[in-house]
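The values are calculated or read from the model by the stated rules, or taken from the named source; none is laboratory data. Remember, it's a predicted structure, so these values are computed and weren't measured experimentally. Methodologically, a virtual Cβ is constructed for each residue, glycine included, from the backbone with ideal geometry; neighbour enumeration extends over all protein chains shown.
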Amino acid sequence: MVIIAISIVLNAVPAIKNMPAKTPQIALMLVLGAVAFGISFGLSRMNRPGEVPPEQVKKAAPSGSGPGADRPGMVWISGGEFRMGTGDKDAWDDEKPIHRVRVDGFWIDVTEVTNAQFQKFVDATSYVTTAEQAPSAEEIMAQVPPGTPPPTPDMLVAGAVVFTPTNEKVPLNDFRQWWRWTPGANWKHPEGPQSDLKGREDHPVVQVSWDDANAYAKWAGKRLPTEAEWEFAARGRLDGTRYVWGSEPSTTSDPKANLWTGEFPFNNTKEDGYVRTAPVKSFPPNGNGLYDMSGNVWEWCSDWYDREAYRARTGVTVNPQGPDRSNDPLRPFQPQRSQRGGSFLCHDSYCSRYRPSARHGCSPDTGMSHVGFRCAASAN
Ligand SMILES: [Ca+2]
């Protein structure tokens, strides 16, 4: 498969070239950022034909008063104060420093949104996701740095980027080895036209953009969680532990989440049972009864991504909603929304972002084969 979008990305992000292999975490950060950037070339949209008509948006849910209200598939998280972020020496800068945050109570989905749930949404609304629409050259050029070569006609087709394992051990400094721009890839065909959802109805939907996630949430009478809500819920009433399940790492003999087992990106030993996504609820829930808050798929949050968001916070920050715009010195040309939780691609040797404090930014018009979402809702 020709990696048109990503090749252009490399020209646009020269810092990725010649990246030293001894810095795999930095490499991953830049790699994933660049991939997201690449997808934005091909999939950016402003006014999509798939917008959900107002008459098809479900009525707002009844005012929830907390436990006992009717919110099938959701749990009520009582409001409270917690330590957000981490001081781990091997954590990323955007997770630091630890600071105190208070959030009001809210509802959150017990699981990631599944393919079956997303299918109901599409059936009801005829919604067309971002990855199912071919981009225009004008849309693409609006999001790239000056001097970036224009896209070729081959690139102006609907598609998405798909994780593809390599055949052998490779240096971790060139993401083109395991991410492929794949025409025809979308939520119904997560790995490309030859793939489908048969037998994966209860897997999390992937290849959905932030825009797609919001369209679903609006239809369902819900919304995306804020980063603060997501982390508060993910910690499962544990105070400052490294993982959502506690302090002990996940092991192959006792896997706690759907992560990468083996050597990334060429040898997945499937010791946790899965190479890609797993059915939701395949691993134990956290202390709040929530499944897959670590691993399986990354989950979109509502916030704009700000790499330096925590630095200015003092005292107790109450119900943070994120900044008015994204801030990432590493990717100044690209607006980004936040993602949380890591995915089936996470491995300690490479990326430990399946921890509850870990954060990631991605272009809101980007879908990827390891990114999904879950919804939240306010009490009223
Ligand atoms: Ca997840």
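Filtering region 137-150 for residues that are under 20 Å from Gly367 (Cα atoms) and in a strand (DSSP E or B) leaves an empty set. Cβ separations smaller than 9 Å between residues 6+ apart or across chains give the following pairs from region 169-196 residues that are at negative phi and assigned to a loop (DSSP other than H, G, I, E, B) to residues that are among the acidic types (Asp, Glu) and surrounded by 22 or more Cβ atoms within 10 Å (Cβ to Cβ): Trp187/Glu132; Trp187/Asp212; Lys188/Glu132.
So which residues in region 247-301 are among the polar types (S, T, N, Q) and within 16 Å of the ligand (Cβ to nearest atom), if there are any at all? Write out each step before concluding.
Of the residues in region 247-301, the ones among the polar types (S, T, N, Q) are 247, 250-253, 258, 261, 267-269, 277, 282, 286, 288, 294, 296.
Answer for region 247-301, where residues must be among the polar types (S, T, N, Q) and within 16 Å of the ligand (Cβ to nearest atom): Ser250, Asn258, Thr277, Ser282, Asn286, Asn288, Ser294, Asn296.
Scan region 61-90 residue by residue and report those that are charged (D, E, K, R), under 17 Å from Trp107 (Cα atoms) and at pLDDT 95 or above. Of everything in region 61-90, just one residue is charged (D, E, K, R), under 17 Å from Trp107 (Cα atoms) and at pLDDT 95 or above, namely Glu81.
Tell me, please, whether a residue that is within 16 Å of the ligand (Cβ to nearest atom) and touching a Cys at 6+ places or on another chain (Cβ under 8 Å) can be found in region 362-378. So far as region 362-378 goes, yes, one or more of its residues are within 16 Å of the ligand (Cβ to nearest atom) and touching a Cys at 6+ places or on another chain (Cβ under 8 Å). Somewhere in region 318-331, is a residue more than 14 Å from the ligand (Cβ to nearest atom), in contact with a Phe, Trp or Tyr (Cβ under 6 Å, 6 or more places away or on another chain), of a type outside the set (Asp, Glu) and within 23 Å of Ser247 (Cα to Cα)? There is no residue in region 318-331 that is more than 14 Å from the ligand (Cβ to nearest atom), in contact with a Phe, Trp or Tyr (Cβ under 6 Å, 6 or more places away or on another chain), of a type outside the set (Asp, Glu) and within 23 Å of Ser247 (Cα to Cα).
For the residues Ser357, Ser338, Ser349, the requirement of being small (Gly, Ala, Ser) and either surrounded by fewer than 24 Cβ atoms within 10 Å (Cβ to Cβ) or more than 16 Å from the ligand (Cβ to nearest atom) (or both) singles out Ser349.
Taken as a whole, the structure leaves Ser343 outside the set of residues that are within 19 Å of Glu229 (Cβ to Cβ), in contact with a Phe, Trp or Tyr (Cβ under 8 Å, 6 or more places away or on another chain) and within 16 Å of the ligand (Cβ to nearest atom). Could you tell me whether any residue of region 209-219 is crowded, with 24+ Cβ neighbours inside 10 Å, away from the ligand (no atom under 16 Å from the Cβ), in a loop (DSSP other than H, G, I, E, B) and on the phi < 0 side of the Ramachandran plot? Checking region 209-219: at least one residue is crowded, with 24+ Cβ neighbours inside 10 Å, away from the ligand (no atom under 16 Å from the Cβ), in a loop (DSSP other than H, G, I, E, B) and on the phi < 0 side of the Ramachandran plot. Of all residues in region 128-151, those being within 15 Å of Thr182 (Cα to Cα) and either among the acidic types (Asp, Glu) or surrounded by fewer than 22 Cβ atoms within 10 Å (Cβ to Cβ) (or both) number 3.
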